[in-house]
Every structure is written in structure tokens, then in C-alpha cells.
1. Condition check: in a loop (DSSP other than H, G, I, E, B) and of a type in the set (F, W, Y). Does F48 satisfy that?
2. Looking only at region 17-45, filter to residues that are in a helix (DSSP H, G or I) and of a type in the set (D, E, K, R); which one of those is surrounded by the fewest Cβ atoms within 10 Å (Cβ to Cβ)?
3. Regarding A14, is this residue in a helix (DSSP H, G or I), surrounded by 12 or more Cβ atoms within 10 Å (Cβ to Cβ) and on the phi < 0 side of the Ramachandran plot?
4. Quick check on L86: is it over 27 Å from E36 (Cβ atoms), part of a helix (DSSP H, G or I) and over 18 Å from the mean Cα position of the chain (by Cα)?
5. So which residues in region 55-92 are in contact with a Ser or Thr (Cβ under 7 Å, 6 or more places away or on another chain) and either of a type in the set (V, I, T) or in contact (Cβ under 8 Å) with a residue 12 or more places away in the chain (or both)?
6. Could you grab me the full set of residues in region 57-77 that are hydrophobic (A, V, I, L, M, F, W, C) and assigned to a strand (DSSP E or B)?
Amino acid sequence: MPNQQIALDRVFHALSDPTRMAVLARLSGGPAAVSELAEPFDMALPSFTQHLRVLEDNGLVSSKKVGRVRTYRLRPEPLEAVGHWLENHRRLWEQRLDQLDSYLASMKEESR
């Protein structure tokens, strides 16, 4: 469990930046070269590649260099792990809210 939590922490860290989120959204449509990914952003290429490094270091993307062109592609497994984590917490909070609702309904009945 601790290793899984560390992995989730790293993925959430990588997802915490709007630039990285936009890159992932773009890569959901298919692989792209660094220059294509960087085009919409108003930042220097070295700054942009730091974002790519964070995504790659945390397993969200993979890259392959052919000649002088580095191409990135989305790796969905870490996002699936986040989805499972969110689903488990959603169920937990729904259960807690249902219990609160039942408690409040019983309190209302007792006050009558």
C-alpha cells in the first residue's frame, strides 16, 4: 500500500499543473512530437521540456527518439490507478453521506 500511495502522490503532483494537464489532453488524441506539443504554449522550449520530464518521470507518458525527433505518447495506466482511487473514495463518501441522511431523518422523526 505505501508504494501505491507514493505512486498516486507522484501522479497527482504531475497532474497539478495546467500545462501538463493540457499536454495529456493533447496526447489523448495520439502521439506527438515535442515541437507540436510545445506550440500552443508561450514558454521557452527548455521550460516546456521540464514539464514533459515530470510527466515521463511519473509514468504518464513515454517517449521515443527517432533521428532528431522525440515523440511522446500517453501511458494510461497511472490515470487508471487514479480513477480507481477516486472511485473508491466516491463510494466511501456516498456511504457516509447516506449514513448522515439516515441519522438526520431519524432525528427529524424523533422530534415529532
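The values are calculated or read from the model by the stated rules, or taken from the named source; none is laboratory data. Just so we're clear, the structure is a prediction, and the values are computed from it rather than from any experiment. Note that each Cβ is placed from the backbone with ideal geometry, even for glycine, and that neighbours are counted across all protein chains shown.
1. So F48 does not fit the description; no.
2. For region 17-45, the residue satisfying everything is E36.
3. Yes.
4. No.
5. Listed by number, the residues that qualify are E56, R70, T71, Y72, R73, L74, R75.
6. V61, V66, V69, L74 - these are the residues of region 57-77 that are hydrophobic (A, V, I, L, M, F, W, C) and assigned to a strand (DSSP E or B).
For (1) under 20 Å from the mean Cα position of the chain (by Cα); (2) modelled with pLDDT under 95; (3) surrounded by fewer than 10 Cβ atoms within 10 Å (Cβ to Cβ), each residue gets a yes or a no:
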site	(1), (2), (3)
N58	yes, yes, no
R73	yes, no, no
V82	yes, yes, no
R91	yes, yes, no
S102	no, yes, no
K108	no, yes, yes
